[in-house]
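Visitor: Okay, handing you the structure first.
The values are calculated or read from the model by the stated rules, or taken from the named source; none is laboratory data. Everything quoted here is computed from the prediction, not taken from an experiment. Quick reminder, even Gly has a Cβ in these numbers, built from the backbone with ideal geometry, and neighbours come from all protein chains shown. Only protein heavy atoms, including side chains, enter the accessible area calculation; ligands, DNA and RNA are left aside. Shrake-Rupley method; radii C 1.70, N 1.55, O 1.52, S 1.80 Å.
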Amino acid sequence: MKWFRRVALVLLLVLGVLALALFGYAQRVLPVVDGTLQLPGAQAEVRIERDAHGIPTIRAGSEHDLAWGLGVAHAQDRLWQMETHRRIGAGRLAEAFGPGALPSDRFLRALGVRRAAQAQWRQLPAASRALLQAYTDGVNAVLTAGLRARPPEFIVLGIQPEPWTPLDSLSWALMMAWDLGGNWNSELLRLRLALQMPVQRIQQLLPPYPGEAPLPVADYAALYRGLKLGAPAQKTAWLDSLQRLAEAAPPSGVEGVGSNNWVLAGRRTTTGAPLLANDPHLKLSTPALWYFARLEAPGLKVAGATLPGLPGVVLGANEHIAWGFTNTAPDVQDLYLEQTDPADPTRYRTPAGWARFDTVDEVIRVKGQADVRLTVRSTRHGPVVSDAGNADDVLGAAGSPTPYVLALRWTALDADNDALGPAMAFNRARSVDEFVAATRGWVAPMQSMVVADRGGRIGMVAPGRVPVRGADHDLMGLVPAPGWEARYDWQGFIPADQTPRVLDPAEGFIATANQRIVEPGYPHFLTSEWALPWRQQRIEEVLRSRPQHSIDQLAALQLDIKSLAVPGLLPFLQKAQTQHPLAAAALAQMKGFDGEMAADRAAPLIFWAWQRQLAQGLFADDAGAALWQRSLLGRSYTDALARVLAADDTSWCDDRSTTAAETCAQQVDAALARALDELQARFGPDVARWQWGQAHQARSEHRPFSRVKALAGLFELRVPVGGDTYTVNVSRVGLRPDETTGELYLDEHGPSLRALYDLANPAQSRFMHSTGQSGIVFSPLYRSFAEPWRRGGYVPLWGDSQAASQVLVLPAAAAR
């Protein structure tokens, strides 16, 4: 027994030592936020005063030092997040995460984000360069002299932080534009569908905006047949190559990703001054995409949401104005089929004859494996994104199933894209007119920006570089176009002063929710792929429901979970007939259901499970199993389903895989039975105990530990939520089983922040994001916002200058 006691004692001692070491590390990895810290780079003293929520007020004597101080704060609180952002933009994820990240790296190298950032840096105005350099110096000051221990992600993955560069910032700005784009994805999808079905069927599966006819375009299915893309010997390999390309790319243009904003003139508010609301709907992550900060320097006092990796406030308010964005989502991306020369694959076809590809050799380091080398090409249109394929799966190469490659023209890659200059001008603007004037230089991403000033004016402007397509462009950017035909080239851009705008409207408010923002007769084509208008309709319905609104009433509207999409489908579900043993109980839950997507109710869960099964029953047989499972399964098809059922369109309802002729009513019934089987298997037989929030949880993903089962529970954040893809309080419904857990109906895209701005009383302005200010898992501020965000809570935008709980003084470099 003595030996047993000795072994137990040794084990206890070892565990105690390990516990003490972990505790010591957990303290050392937290940043120094109090006292005086000697860091290089400040021209004069900088103070970072953090409140109880970890929100810093950064006070500096110049904008240079303000940018430097924000770089310090970002590096202290979000270093691992910045590392992942850097690696995404540079196409260097596989170096840290291993071969699973290689497809993404290949795509990003082919897209050339880092090369575009280099070109933009060379052309950046001096003021923007200086600000970026100051911010970079602040980040690196922490890395060289202020980092006591690496955050745990660095240690687990065995990597060291590298010096930050301005190119890292510019690359991340481009990736944000990529996230908010996505037309290229739609083009790629239509190309694949065109190899499976006629254009008329595609227009029914992917309908135009409500109330509009499909764009009058050429028969592109026939075009692709003429190019022999659908030839039996090539079709399967071609489709597989395109699918791999779509899967390799970082997500963009995801259904349900958008935003809400609205601004009310003083006569429509209880304060007599404008109120402005904004909630951008983006990918939820841990830590949150946004980092709150208050910045003060002579002539500048601004507060709001910043992006780690970039200087300045992106969304917020200063002493004179407040502003907020939603995504306009114009068509600023076009794919081109470029034909390679069969006699010389280094050349491609142009209107003037054959031209040589520009090429760049790339080397991708892969953790645990040999380096991967690839040559990426570009054409007169832009990067050849299809070069992202595997070595034996590159379109247009020797032995390829097709002599064509896919090149991308995208405005954000233009060398004269300076996002920082206009953004800083927004921070300094003193009126609506000054803000609108500052938008003239904005290139990408195009945003619907609402603004209000303390003089009482309100406005909306949607700046951005939007291409003009010629009258003989008969594809209108819906699908990849033959790159050797000049009529498909862009003919310039919409003049900056002719993009959409509204100033001081008679109705007294402006609202945008990614819907069509231009009236009939607007002279320019922006896109045909606006977000469905249900969120916008609900916002307008509530704003028109009373003559004046308080800021608290606008807060309630940000939390609204009434879905106006439900009435188009609900009557068909309520009439469903099935012998399923749970059908009576399930249909009883649907009685009185009006689209209120409450987390504690069963009806939203039954509705979405039925809708998912119905979409699969109606559309999967036409699309083909492979295309459905890999590309189409995640869409909701709410508008397409409503049209098919209202028209009793048996051409879709009949299942092509059976000899029987199924009716739409039979499909509705069968979808309910399958949905109840699915829900019973997961939640049990007691329908009354089912709750939407059991399945519909807002998951803030951690890169990369959400994919590591043993670590996911510690690093990622989850909270149950109501709402759905179409409610004002957006919580996109995940219709594809999660890659790691297999769960359905998760919410991974939602209000990344909520903000309300009171132009009469700035002390009433408030904001909230989805996780917490710290990106360090051991900090109490890592998850401190998650529950308040779920409940609809806020913290003050401006805070209390007398209530700073931690004050960090950073002396001037010359004083050391």
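Visitor: Mind ordering 570-579, 164-173 by average Cβ neighbours within 10 Å, highest first?
Guide: Highest-to-lowest ranking by the protection proxy: 164-173, 570-579.
Visitor: Moving to a separate point now. Once you put a point 7 Å from the Cα of Asp240 and another 7 Å from the Cα of Met197, both along the Cβ direction, what distance in nm separates them?
Guide: About 2.4 nm, to one decimal.
Visitor: Place +1 on the Cβ of every Lys and Arg and -1 on the Cβ of every Asp and Glu in segment 80-173, take the dipole about the Cα centre, and give the residue among Gln118, Ile159, Ser128 whose Cα lies farthest towards its positive end.
Guide: Gln118
Visitor: Give the accessible surface of the chain per residue, rounded to a whole number of Å², with probe radius 1.4 Å and ligands, DNA and RNA excluded.
Guide: Computed with neighbouring chains in place, this is 38 Å² per residue.
Visitor: Just to be sure I understand the model, the point goes 7 Å from the Cα along the line to the Cβ. What's the resulting Gln118 to Asp686 distance in nm?
Guide: Between Gln118 and Asp686, the label points sit 6.4 nm apart.
Visitor: Order 186-195, 521-530 from most to least packed using the mean count of other Cβ atoms within 10 Å.
Guide: For the peptides 186-195, 521-530, the packing ranking is 186-195, 521-530.
Visitor: Work out from phi, with θ = phi - 60° and the Karplus expression 6.51 cos²θ - 1.76 cosθ + 1.60, the ³J(HN,Hα) of each residue of segment 565-577, listed in order in whole Hz, and give x for Gly and Pro.
Guide: Rounded to whole hertz, the list is 7, 5, x, x, 10, 4, x, 6, 5, 5, 9, 4, 10.
Visitor: For all pairs of alpha-carbon atoms in segment 12-121, what percent lies in each bin of width 5 Å, listed from the first bin to the last filled one?
Guide: The calculated distribution, bin by bin, is 2, 9, 13, 13, 13, 13, 14, 12, 7, 2, 1, 0.
Visitor: Run the reach check for Lys575 against aspartates and glutamates, Cα to Cα strictly under 12 Å, same-chain hits fewer than 8 apart removed. What comes back?
Guide: Correct list for Lys575: Asp669.
Visitor: Would you please classify the overall shape of segment 60-160 from the alpha carbon gyration tensor, given that a ≥ b ≥ c denote the square roots of the eigenvalues, rounded means a/c under 1.5, and beyond that prolate means a/b larger than b/c while oblate covers the rest?
Guide: Cα axes put segment 60-160 in the oblate bin.
Visitor: Here is a further query. What is the Rg over Rh value, at two decimals, for the chain, using alpha-carbon atoms and the Kirkwood definition of Rh?
Guide: 0.97
Visitor: Count the DSSP beta bridges whose two residues both fall in the chain, then state the antiparallel fraction as a percent rounded to the nearest 5.
Guide: Looking only at bridges with both residues in the chain, the antiparallel portion is about 90 percent.
Visitor: OK, next. Looking at segment 413-463, what % of the alpha carbon pairs are farther apart than 18 Å?
Guide: So the pairs more than 18 Å apart make up 26 percent of the total in segment 413-463.
Visitor: Now, a different point. Under unit Cβ charges (Lys, Arg +1; Asp, Glu -1), what dipole magnitude, rounded to 20 debye, does the chain have relative to its Cα centre?
Guide: That gives the chain a dipole magnitude of about 1800 debye.
Visitor: Where does segment 498-649 land on the Kirkwood hydrodynamic radius, alpha-carbon pairs, in angstrom?
Guide: Value: 18.6 Å, from the Cα pair sum.
Visitor: For Gln38 and Gln369, compute 0.36 nm times the residue count separating them, minus their Cα-Cα distance, and round to one decimal in nm.
Guide: Here the answer is 115.1 nm.
Visitor: Could you tell me which helices of the chain pass both thresholds, a Cα extent of 20 Å or more along their own axis and a mean Kyte-Doolittle hydropathy of at least -1.0, with helices taken as whole DSSP H runs?
Guide: The qualifying helices are 2-28, 63-90, 126-145, 166-180, 232-248, 603-623, 664-683.
Visitor: Among 602-611, 586-595, 235-244, 657-666, how do they line up from the highest to the lowest mean number of other beta-carbon atoms within 10 Å?
Guide: 602-611, 235-244, 586-595, 657-666
Visitor: Suppose R0 equals 30 Å. What FRET efficiency, 1/(1 + (r/R0)^6) with r the Cβ-Cβ distance, do Glu662 and Gln629 give to the nearest 0.05?
Guide: 0.90
Visitor: Continuing with this model, one more query. Could you check the spin-label model distance between Asp344 and Phe23? Points 7 Å from the Cα along Cα→Cβ, value in nm.
Guide: Output for this residue pair reads 7.4 nm.
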